[in-house]
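The values are calculated or read from the model by the stated rules, or taken from the named source; none is laboratory data. Please read these numbers as outputs of a predicted model, since none were measured by experiment. Cβ placement follows ideal geometry from the backbone for every residue including glycine, while neighbour counts extend to all protein chains displayed.
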Amino acid sequence: MRSNPGFVVVALTCLAFASPGFGQQTFSGIHGQLSVKGNRIVDKNGNPIALHGMSMYHWNSGGSVFYNASAINHLAQDWHCTAIRIPIKPSDYQTNAVAAVNEIKTVVDACIANGIYAIVDWHPGNNQDPNMANARQFFTTMATAYGTTPNIMYEPWNEPNMNYNDWPTYVKPYDDSLVKTIRAIDPHNIVICGTPGWSQDVDVASLSPITNFSNVAYTLHFYAASYKQWLRDKLDVALKNGIAVFVTEYGSCENSGSGVFDSVETRIWWNHLDSNYIGCTNWAVETNNETASAFNSSASASGPWTIANLTAPGIFVMNYILSKYQGLGVGVLPNGQKLQQRANVASTKGLLTGAGTKASIYTVNGVRCPAGCKLPSGLYIVRDAENPTVTGLMMR
């Protein structure tokens, strides 16, 4: 949660922040080994923690091109994602396991290098058998490679559904088997288990959770324009029954990934998740011209990105992720001027320090705020009026 209600400003050019900045520890360096305590995910000190970030996408080149270290660097350093979800298609693994694993490792390694958390997601499609044998083999490889680092989490089954949907007879035995496979190598890192009904029936899983192993959480997925209060009610039942939940996939649109962009209902969801310390990763890092697409076709596969490269839902989600970042402090512009954290600043005056310095303030949609105007809470772009290439993001 953001503890200071005032502006926080940090230097960037083309939405590119300094890397884990200004002598600060990384996010995972601060929070360390995560675990499950009751119905909460907690950090190494036992404090509830909610991670916020993005889900990658690997169904066509509009998403797979982002499976590179530079793109992850920018998601971690510019957007301040604290978690990246990394889907692998079982069919890709079946076709070429070595290539598929190496692609996943590229992203996991970049997450570790940036001091954030990686969620490795085994992602069968609709009405597909998850292929337990291959899943066990894949997660054995992942746990062997990363089981001694605190940055990894495992998601053994994206969305159980249709013919593979029953919790007691199919989903739970599968989840239990995969947790057992992982725990034989990695005794500590969190496993986030899929739940029936496209990972919506967390209430059903909560009635008979996996009890043979510790540090098990459960997946909930929502698409805000399609799944509303009735699904939050199911979440509340699950929490009341004592299981921890992580929203590994959500959209601000309809469950097709397209259709209506519902910012109002998404904010209701975010508020509900925030109040319960539940983390979430947004679908998706891709350029497929869907409502769920974070980027448009102009976005570079490796970054950095400008506002012009983002879709409206992408800007909306980026703002939310940035609003959770607590580490923005005093930075230094290339010309030596300082950007200061200031409490309760309510207008555009006095944001950049230094003799004669003037700042222009813009909304994230590119609308310039007149000098001295009152600013509601939110995210803004700061541009040095004397050197427009020097810009910053500020949160009020």
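General remarks:
- Cβ pairs under 6 Å, 6+ apart, first in the range 196-216 and in contact (Cβ under 8 Å) with a residue 24 or more places away in the chain and more than 20 Å from Y227 (Cβ to Cβ), second polar (S, T, N, Q) and surrounded by 18 or more Cβ atoms within 10 Å (Cβ to Cβ): N215/S35
- For the range 241-267, the candidate set comprises residues that are part of a helix (DSSP H, G or I) and touching a residue at least 12 places away in the same chain (Cβ under 8 Å); within that set, the residue that is farthest from V202 (Cα to Cα) is S263.
- For the range 132-168, a residue qualifies if it is in a helix (DSSP H, G or I), at pLDDT 95 or above, over 18 Å from I88 (Cα atoms) and not hydrophobic (A, V, I, L, M, F, W, C), and exactly one does: P168.
- In the range 301-314, the residues that are surrounded by fewer than 16 Cβ atoms within 10 Å (Cβ to Cβ) and either part of a helix (DSSP H, G or I) or at pLDDT below 55 (or both): A308, A312
- Candidates in the range 234-267 are the residues that are buried (at least 18 other Cβ atoms within 10 Å of the Cβ) and among the hydroxyl-bearing types (S, T, Y); of these, the one that is farthest from G314 (Cα to Cα) is T248.
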